[in-house]
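Following: one structure in structure tokens, then a few remarks.
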Amino acid sequence: MPTPTLAQEPMTAADRCDRCGAQAYVRVTLVAGGELMFCSHHGREHRDALQKVASDIRDETRRLQDSTSATAPLDER
């Protein structure tokens with residue numbers, strides 16, 4: 001399973017999901033070169049397929065839990 005690379009800068013609000021344009025929290029470095037970025041939702045949705053083609057997956061979705069209200073439904077965190 002790919003592991004996060006500590007040398008990369010944290011993602012910011014300027015990093016956008018390649019699927020829907022929302023803020024990205026998952027950065028995937030591809031074995032073939034290049035990278036993809038996904039929001040939390042699309043990162044989870046495509047995780048199994050991405051693991052097969054990734055050299056690295058950096059998942060910062062924990063940042064959502066740190067800043068999301070405890071009253072938000074779990075599937076929206």
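The values are calculated or read from the model by the stated rules, or taken from the named source; none is laboratory data. Since this is a predicted model, take the numbers as computed values, not measurements. Every residue, glycine as well, gets a Cβ built from its backbone with ideal geometry; the counts of neighbours run over all protein chains shown.
Quick notes
- Residue pairs meeting the criteria (Cβ under 8 Å; at least 6 apart or on separate chains; first loosely packed, with under 14 Cβ neighbours inside 10 Å, in the range 12-41; second modelled with pLDDT of 95 or more and hydroxyl-bearing (S, T, Y)): L30/S55; V31/S55
- Of all residue pairs spaced 6 or more apart or on separate chains, none has beta-carbon atoms under 9 Å together with a first member in the range 58-70 that is over 17 Å from E45 (Cβ atoms) and surrounded by 11 or more Cβ atoms within 10 Å (Cβ to Cβ) and a second member that is at pLDDT 75 or above and among the acidic types (D, E).
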